[in-house]
Amino acid sequence: MKLFISGGRGRLGSKIVDYLKDRYTVLYPGRKELDLTFFQKVMAYFIEEKPDIIIHTAAFTNVDKCEEDRDRAYRENILATLYLKNAAEYLNIPLVYFSTDYVFDGLKTTPYREYDKTVPVNYYGTTKLAGEEIVKTLKDFVILRVSLLFGSGNDFITYVLKSILSDKEITVFTDHIGSPTNILDIAKALDIILNNFLSGIYHLVNRGAFSYIDIVNICESILKKKALIRFSERNGAKRPYYTPLSTELIENVFGITMKNSGEAIEDYISSYIKD
Ligand SMILES: NC(=O)c1ccc[n+]([C@@H]2O[C@H](COP(=O)([O-])OP(=O)(O)OC[C@H]3O[C@@H](n4cnc5c(N)ncnc54)[C@H](OP(=O)(O)O)[C@@H]3O)[C@@H](O)[C@H]2O)c1
């Protein structure tokens, strides 16, 4: 099977490429080779390469900058998704779209399910939700909502680990509770989904509800060292407060079991310390 992975040089995409590249033919051009905001170039690329499936991880992911530069967020999150959807339709191939817990307003007190009402509270979430609406018009699509990713080396948990180990202060925001998720667990689940494709929206996260301070506490207890913590208010875009996601549907449909976030964080820290 020939996979096209957008954003294959990004945090999530590069780990998915690493995990799948030995068993699939993987195309993952960077922005310089294929800027997804140019429709004619996108179509020409797909007509030439004819992949069997599109895995769309690329996005403008800086939540604060999406608020400031709405034109860019519109082009990179909405138009790029529309063009990939057009390519999928033209070649009659499925598309897997990575979305976010930020499509919800965070006002619930129990984990969000797939068909709970979507009400984004910032422009990043608005554009990602628009992407979902575009992708949902395809016959064969999977939307995977993920949250608080770690395991790329450029994420909150790695920042906490590095800071504790080098006695640096950690800035901790108090405005969000989510489901921290190890990218490796996403790559493993994606592999299963590719081989048992069933259209739909699914929540793909490690289980549980964790604040940033909970994450710091887990890191402290595994490293057996206290962190230097500074609580801070955020100045940028508003975050939804409570967005843990329920994994009941994806586990049921694809027969997978997602680990608890605490366990997933422990796994990552063990491999981080070993390296
Ligand atoms: N990270 C998280 O915690 C998190 C949480 C929830 C959902 N998600 C979703 O998961 C996906 C992956 O996130 P991530 O954290 O891996 O993002 P990331 O590290 O920012 O990577 C995004 C990639 O997309 C590429 N890209 C953006 N616009 C492009 C364009 N017009 N043409 C070609 N490439 C383009 C970027 O290239 P450049 O480097 O050249 O800009 C980058 O390589 C996204 O869809 C995001 O919405 C992430």
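The values are calculated or read from the model by the stated rules, or taken from the named source; none is laboratory data. Since this is a predicted model, take the numbers as computed values, not measurements. Because the Cβ atoms are built from the backbone with ideal geometry, glycine has one as well, and the counts that use them run over all protein chains shown.
Here is a list: K128, K168. Which entry is surrounded by fewer than 19 Cβ atoms within 10 Å (Cβ to Cβ) and either free of Cβ contacts under 8 Å to residues at least 12 places away in the same chain or of a type in the set (K, R) (or both)? Please lay out each step first, then the result.
Values: K128 fails: surrounded by fewer than 19 Cβ atoms within 10 Å (Cβ to Cβ).
Checking each option against the conditions leaves just K168.
Quick test for you: out of D191, D275, pick the one residue that is within 22 Å of S152 (Cα to Cα), without any contact (Cβ under 8 Å) to a residue 40 or more places away in the chain and not aromatic (F, W, Y).
Testing whether each residue is within 22 Å of S152 (Cα to Cα), without any contact (Cβ under 8 Å) to a residue 40 or more places away in the chain and not aromatic (F, W, Y) leaves just D275.
Looking across the stretch 211-249, the residues that are among the aliphatic types (A, V, I, L, M) and assigned to a loop (DSSP other than H, G, I, E, B) come down to A227, A237.
Residues of the stretch 51-64 include at least one that is within 11 Å of the ligand (Cβ to nearest atom) and assigned to a helix (DSSP H, G or I). Listed by first and then second residue, the pairs with beta-carbon distance under 7 Å, at least 6 apart or on different chains, first residue in the stretch 11-32 and within 17 Å of E49 (Cα to Cα), second part of a helix (DSSP H, G or I) and hydrophobic (A, V, I, L, M, F, W, C), are V26/V17; V26/L20; Y28/V17.
T243 meets all of the listed conditions (1) modelled with pLDDT of 95 or more; (2) out of contact with any Phe, Trp or Tyr (no Cβ under 7 Å at 6 or more places or on another chain); (3) crowded, with 16+ Cβ neighbours inside 10 Å but one, namely (2). Output yes when any residue across the stretch 187-206 is modelled with pLDDT of 95 or more, over 30 Å from A87 (Cα atoms) and buried (at least 19 other Cβ atoms within 10 Å of the Cβ), and no when none is. Within the stretch 187-206, one or more residues are modelled with pLDDT of 95 or more, over 30 Å from A87 (Cα atoms) and buried (at least 19 other Cβ atoms within 10 Å of the Cβ). Just one residue in the set E114, E132 is among the charged types (D, E, K, R), within 24 Å of L184 (Cα to Cα) and away from the ligand (no atom under 14 Å from the Cβ); that residue is E114.
Counting only residues that are polar (S, T, N, Q), near the ligand (Cβ under 7 Å from one of its atoms) and more than 17 Å from N77 (Cβ to Cβ), the stretch 1-50 holds 0 of them.
Considering the stretch 68-86, and only residues there that are away from the ligand (no atom under 13 Å from the Cβ) and more than 23 Å from I186 (Cβ to Cβ), the residue that is surrounded by the most Cβ atoms within 10 Å (Cβ to Cβ) turns out to be N86.
Among the residues of the stretch 218-235 satisfying the criterion of being surrounded by 14 or more Cβ atoms within 10 Å (Cβ to Cβ) and within 24 Å of the chain's Cα centre (by Cα), which is nearest to L165 (Cα to Cα)? Once the filter is applied, the top-ranked residue is C219.
Filtering the stretch 88-101 to residues that are more than 7 Å from the ligand (Cβ to nearest atom) and either surrounded by 24 or more Cβ atoms within 10 Å (Cβ to Cβ) or within 20 Å of Y202 (Cα to Cα) (or both) leaves A88, I93, P94, L95, V96, Y97.
Sub-7 Å Cβ pairs linking a first residue in the stretch 131-157 that is closer than 18 Å to V17 by Cβ to a second residue that is hydroxyl-bearing (S, T, Y) and within 11 Å of the ligand (Cβ to nearest atom), at least 6 apart or interchain, are L144/S99; V146/T100; V146/T181; L149/T181, ordered by first then second residue.
May I ask you to verify whether F4 is of a type in the set (F, W, Y) and over 23 Å from I143 (Cβ atoms)? Taking the combined requirement at face value, the residue does not satisfy it. Remark: K224 falls outside the filter, which requires a residue to be of a type outside the set (G, A, S), away from the ligand (no atom under 13 Å from the Cβ) and either closer than 29 Å to D18 by Cα or at pLDDT 95 or above (or both).
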